[in-house]
Amino acid sequence: MKSLQNLRYQQNFRSLPNAFYQDTLPQGLDTPELVIFSKACAQLLHLDPASLTEKESLQMLSGQTLHDAWRPLAMRYFGHQFGYLNPELGDGRGVLLADVVTPKGEHWDLHLKGSGTTDFSRDGDGRAVLRSSIREFLCSEAMAALNVPTTRALSIVTSDTLVQREAIEKAAMLMRVAKTHIRFGHFEFAYHSKDQTLLNSLCDHVAQRHFPDIFGHAQQNETLFKRICEATGHLLATWQCLGFAHGVMNTDNMSIIGDTFDYGPYGFMERFKPSFICNGSDHQGRYAFDRQPAIGQWNLSVLAQAFSPIVEKKALNAGLLAYSETFNSCFIAGMRAKLGLQADSNNETDQALVMDTFKMLERCNFDYSNFFRQLSEINVDETLSQLRNDALDLKVFEAWQAKYKARLENETYSLRERSTQMKRCNPKYILRNYLAQNAIEKAQQGDYSEIKKLHQVLTKPFDEQPEHAAYAASAPEWATNQSVSCSS
Ligand code: AMP
Ligand code: MG
C-alpha cells in the first residue's frame, strides 16, 4: 500500500487544448490540521489510509507542498446558473492536481477544493470553509455507500487561515476524488468559443476516457450525447427514489458522466413534501425536489445546443427522449423495489400505486426514509398497523393500505426474502441536516469525534447498527426540511 507521495500520477486533462485550463498554483493553509479522511476513498486509490495522518501527506492535502508529478490547473467552463448563461465560470476556488492511475488502470482525478484564488475567482476569496467542506465530505461518502453515482472525498484539512462569510470562519480544504471533473459547462464553453476543434477534442476526450466502447466509432458523438442523457436519467431517478434534493442544478454542477457533483445546499427529504426546497437562496423553487427531473431535461437541452454543431437535431432529440425513458424506467423500478414489489405487474397500475403512496406520505406526514425502512420489516401486517398509528390522516392511510395489500397478493416470494431485498434499497441511515449540523458545530469547536462517528454510521446505511439507532431518528418538527444557506 502506498502513500500520496508514491502513487502513480498522470495529467490526462492536459491532453485537451490549453483553452480549457489555466496553470494555477494552490495557496497553502496556515497551520493545517487533518480533520477526517475516508478509508473507503483511499482504498479506491490503492492508498494506505494510515499514511494520510503523516506530516508529508498533510502538507500535500493542505496545498503546502506539491508532488513532482502534479501540475495544478484551474478548469475553464461556462454554465447556466438559475436559467441564465454565465460565461465567466471556471474553477474559482479549487485546482485539479493530477489523476491517480491505479494498478488496475483506473484513473481518479485529485481536485483540491478551497485552494485559493484563480483566474476564475471573480470577487471570491478562493476559499472553502470548514462547514461546507464537512457537508461535502459527509454527503459524498454517504452517497457512495448508498450506491448513488457520485464524486468522492478523501480528506478535510482545517487551518488557522480565517475567511469572511456572514461571520469569520476557518478556511478548510477538501481533497475531492472523481472519475472526471468535466461538466456540461465545459461543452457550453467549447460551443460558445465557436472553435469546433475544441468541441471535437472534448467529445473525443470524454468518449475515450469514460465511454471507451464508442470511442472512434463513426457515430461517436451522437452516441456520446445519448449516453450522457441516459447516465443523467439514471442519476435523477436515483435521487428521486432516495428523496435527495441537490439544490443547485446549474449546468456547471452537472457531471458529464452522471455523478452527483458539487455538494452545496443539498438536503435529504425528511417529512415527505414534494415541493421541498433545500437551497435557501432558491426563492422561486427552480430546484425544488419535484422539479429535479424536469431540470435534468432542461440542462440536457442546453447540452444538446452545445452538441448541435457536430450532431444532427434528430439524434439530439433521440438523446433527450432516451433521458425520459431511462428516468422513467429506473424510477419505476426503484420505487417498486422500495415498496417490495417484485412480481410481474402492469406498469401503469404500479405507477398509480407509487403516486398514491406519495400522496399518502404527504397527507399522513410520514418521514420519507423511515416510512420505507419500516415497511421493509418482515411482518407486513404488524408493520402496517404500526404505521397506521402514526398516520395523520387515517382515511387516506387506510385507502392506500387496501390498495397496497391487494397488490401484495400477486407477490410470491417469502416475507423474509422480501424484507431482505427491501432493506437493501431502503436505507436506515441518511445524512439528515440536523445530524450534519451537530457534527459541524462540534468540529468548529475542534472536536472531530462526532463527524467521525456520523461518517462511520453512514458508511453502512443499510445495516441495522442498533447501537446507532438514534441516528435514524427523524428531525424534530422545527428542523424538518430546513433550507440551507448557500454561503460556503
Ligand atoms: P458553486 O455554487 O460552488 O457551484 O460555485 C459557482 C462558481 O463560483 C464556481 O465557478 C466556483 O468556483 C465559484 N466560487 C464559489 N465560491 C467561491 C469562492 N469562495 N471564491 C471564488 N470562487 C468561488
Ligand atoms: Mg459548482
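The values are calculated or read from the model by the stated rules, or taken from the named source; none is laboratory data. What you see is a predicted model, and the numbers here were worked out from it, not measured in a lab. Neighbour counts run over all protein chains shown; Cβ positions are idealised from the backbone, glycine included. Surface accessibility is based on the protein's heavy atoms, side chains included, excluding ligands, DNA and RNA. Shrake-Rupley method; radii C 1.70, N 1.55, O 1.52, S 1.80 Å.
Using a probe of 1.4 angstrom, how much of the accessible area of the chain is carbon and sulfur, in percent? So the carbon and sulfur contribution to the accessible surface is 49 percent. Taking the inverse of the mean reciprocal distance over all distinct Cα pairs, the Kirkwood hydrodynamic radius of the range 184-336 comes to 15.9 Å. Evaluate the range 333-479: find the radius of gyration of its Cα atoms, find its Kirkwood radius, and give the ratio Rg to Rh. Ratio of gyration radius to Kirkwood radius: 1.03. Helix 313-339 and the longest principal axis of the C-alpha atoms of the chain enclose an angle of approximately 50°.
What is the diffusion coefficient of the chain in µm²/s, taking the Kirkwood radius over Cα pairs and the Stokes-Einstein relation at 4 °C with a viscosity of 1.567 mPa s? Write out the running numbers ahead of the final one.
On the way: Rh = 23.5 Å.
Once the numbers are plugged in, D ends up at 55 µm²/s.
Straight-line reach from residue 104: taking Cα to Cα under 29 Å and skipping same-chain neighbours fewer than 8 places apart, the lysines in range are 2, 39, 55, 113, 179, 226, 460. Taking a ≥ b ≥ c as the square roots of the eigenvalues of the Cα gyration tensor, the range 310-397 is prolate, since a/c reaches 1.5 or more and a/b is larger than b/c. The residues of the range 448-488 expose, per residue, 51 Å² of accessible area to a 1.4 Å probe. Applying the Karplus relation 6.51 cos²θ - 1.76 cosθ + 1.60 with θ = phi - 60° to the range 166-178 yields 3J(HN,Hα) values of 4, 10, 7, 9, 7, 7, 9, 10, 10, 8, 8, 10, 8 Hz, where x marks Gly and Pro.
Projecting each Cα onto the charge dipole of the chain (Lys/Arg +1, Asp/Glu -1 at the beta carbon, about the Cα centre), which of 83, 206, 25 comes out farthest on the positive side? Of the listed residues, the answer is 206. Packing order of peptides 92-102, 468-478, 21-31, highest average first: 92-102, 21-31, 468-478 (average count of other Cβ atoms within 10 Å over each peptide's residues).
Take the Cβ atoms of residue 441 and residue 195, set R0 to 60 Å, and the FRET efficiency comes out at 0.75. Beta bridges assigned by DSSP with both partners in the chain are antiparallel in approximately 95 percent of cases.
Applying a 10 Å radius around every beta-carbon, put 450-456, 126-132 in order of their mean neighbour count, most first. Write down the numbers at each step before the final one.
Values: 450-456: 18.7, 126-132: 23.9.
The packing order, highest mean first, is 126-132, 450-456.
For the range 113-236, the calculated P(r), taken from all Cα-Cα distances in 10 Å bins from zero up to the bin holding the longest distance, is 11, 30, 30, 23, 6, 0 percent.
Amide H to amide H distances under 5 Å link residue 481 with 270, 271, where only residues 5 or more positions off or on other chains count and H is placed in the peptide plane. If one takes the longest principal axis of the Cα atoms in the chain, at what angle in degrees, from 0 to 90 and to the nearest 10, does the Cα axis of helix 130-145 lie? The two axes meet at around 60 degrees.
So for each of 355-365, 144-154 I average, over its residues, the number of other beta carbons within 10 Å; can you give me the resulting order with the highest mean first? Before the final figure, lay out each step's value.
Details: 355-365: 17.5, 144-154: 21.5.
The most tightly packed comes first, giving 144-154, 355-365.
Among the protein heavy atoms, those of residue 104 account for about 150 Å² of accessible surface (1.4 Å probe, every chain in place). Rolling a 1.4 Å probe across all protein chains gives residue 345 an accessible area of roughly 40 Å².
Here the contact order of the range 4-178, divided by its residue count and restricted to Cα pairs under 8 Å and six or more residues apart, works out to 26 percent.
Starting from the coordinates of the alpha-carbon atoms of the range 258-354, obtain the Kirkwood hydrodynamic radius over all distinct pairs and give the value in Å to one decimal.
On the way: mean 1/r = 0.0626 Å⁻¹.
Kirkwood hydrodynamic radius for the range 258-354: 16.0 Å.
Given the C-alpha centroids of the range 314-385 and the range 460-488, what is the distance between them in whole angstrom? First find each Cα centre; the distance between them is then 22 Å. For the range 4-178, the average shadow cast by the Cα convex hull is 10.5 nm², which is a quarter of the hull's surface. Solvent exposure of the range 184-336 amounts to 35 Å² per residue of accessible area, where only protein heavy atoms count and the probe is 1.4 Å.
Dipole check for the range 337-413: with +1 at the C-beta of Lys and Arg, -1 at the C-beta of Asp and Glu, and the Cα centre as origin, the magnitude is about 160 Debye.
What the Cβ-Cβ distance of residue 388 and residue 59 gives, at R0 = 41 Å and to the nearest 0.05, is a FRET efficiency of 0.10.
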